């Protein structure tokens, strides 16, 4: 029966459908308490995994082990307490998408990459210039389908949001589109114009997180794992290109009102003062929340070595937070969470996993570390090896966000074409 059904499965069509749906994960579909709802692409990914042979590399075996441990843990928890169902499925999204895309990146359509890039470019233009009728339609659409739609326009500090609740979420689409445009640029001369237009949208987003992620990718794409040694060998043309991009971003983001300039000013104001780091955490509350709650996730292993349970770290973070009374009482987000007994998830997949599963999360960590430390001579993979751990472990990347896992699939794919930019 499986062979009979496989006849009707068009792998390329399904893969490109999943790719397109990745950019609409923040649209509200079901009335449940999660910000990303990638259910359709998740089930399409299951179809691809089920009906296609998956060749497991050595490091992939640790991801399979992670899924086995996660499933056994969930089964026992659900039998005993009937909890963790939605959280369990959110943990499955990324690995399923990873196996769907690994060694299949060449099946993605450049035309669809261009269409999605154009969508963000047009959307940013309409919102920025407030084009009549179109702008009103977008506001109406956001009010219906986007959680917390109030950030559509941004303000004097933060830029507009693009098919997402807040501007920083554009970091993931921006990186994925830039990576794919780099990957396929040998197919079309017009690709460079899409990249330039996307960089303009990135500037207009005025988001510190978008700037950070894009900068890390571009920096290590051009300059490698040893950037200062590479400067001696790199061509003059590449230095000019990189310097021009860097200069434009610096001027646009540091010398106008933006989140980047605000974060930069806070860091310089507090970093060298007595108790400066603690004061910085309290002053830069929006950004510091990510680091604090992720730290709680990792250190919760000390308090619950076998985990709080799948989906339960968010209800127990206050136990770790009590070790830091000044932060819990003065930091607005944590103070509010305590006052109203609001659950708070860690901001990355693996920080939350460590809180939920404790030491049973180790297989997943081994998989990621093997992926990011493997040797590569490819510029795209090298740039991503520096960026993916920041998305999945250190800073921010929603638990069910599939994009970091597509980037992981690119790192671990064996069939990236020789025509790739920077392939040596």
*Determine which single condition residue 320 fails, assuming it passes every other condition in (1) crowded, with 20+ Cβ neighbours inside 10 Å; (2) without any contact (Cβ under 8 Å) to a residue 40 or more places away in the chain; (3) not in a helix (DSSP H, G or I).*
(3)
*Does at least one position in the stretch 52-61 carry a residue that is in a helix (DSSP H, G or I), farther than 30 Å from residue 206 by Cα, free of Cβ contacts under 8 Å to residues at least 60 places away in the same chain and touching a helix residue (DSSP H, G or I) at 6+ places or on another chain (Cβ under 6 Å)?*
no
*Residues 297, 309, 287: which one is assigned to a helix (DSSP H, G or I), within 23 Å of residue 398 (Cα to Cα), in contact with a helix residue (DSSP H, G or I) (Cβ under 9 Å, 6 or more places away or on another chain) and at pLDDT 95 or above?*
297
*Assess whether residue 172 counts as being at pLDDT 95 or above, more than 16 Å from residue 205 (Cβ to Cβ) and buried (at least 21 other Cβ atoms within 10 Å of the Cβ).*
no
_Going through 144, 92 one at a time, which residue ends up being at negative phi, in a helix (DSSP H, G or I), surrounded by fewer than 20 Cβ atoms within 10 Å (Cβ to Cβ) and modelled with pLDDT of 90 or more?_
92
*Answer yes or no: is there a residue in the stretch 196-205 that is at pLDDT below 90 and assigned to a loop (DSSP other than H, G, I, E, B).*
no
_Of everything in the stretch 72-84, what is free of Cβ contacts under 8 Å to residues at least 24 places away in the same chain and either surrounded by fewer than 13 Cβ atoms within 10 Å (Cβ to Cβ) or within 16 Å of residue 359 (Cβ to Cβ) (or both)? Give them in sequence order._
72, 75, 76, 79, 80, 82
*asked:* Given (1) surrounded by fewer than 18 Cβ atoms within 10 Å (Cβ to Cβ); (2) modelled with pLDDT under 80, identify the lone condition not met by residue 36.
replied: (1)
*Out of all the residues in the stretch 335-379, which are buried (at least 18 other Cβ atoms within 10 Å of the Cβ) and either assigned to a loop (DSSP other than H, G, I, E, B) or free of Cβ contacts under 8 Å to residues at least 12 places away in the same chain (or both)?*
344, 345, 346, 347, 348, 378
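The values are calculated or read from the model by the stated rules, or taken from the named source; none is laboratory data. These figures come from a predicted structure and were not determined experimentally. No Cβ is skipped: glycine too gets one built from the backbone with ideal geometry, and neighbour counts run over all protein chains shown.
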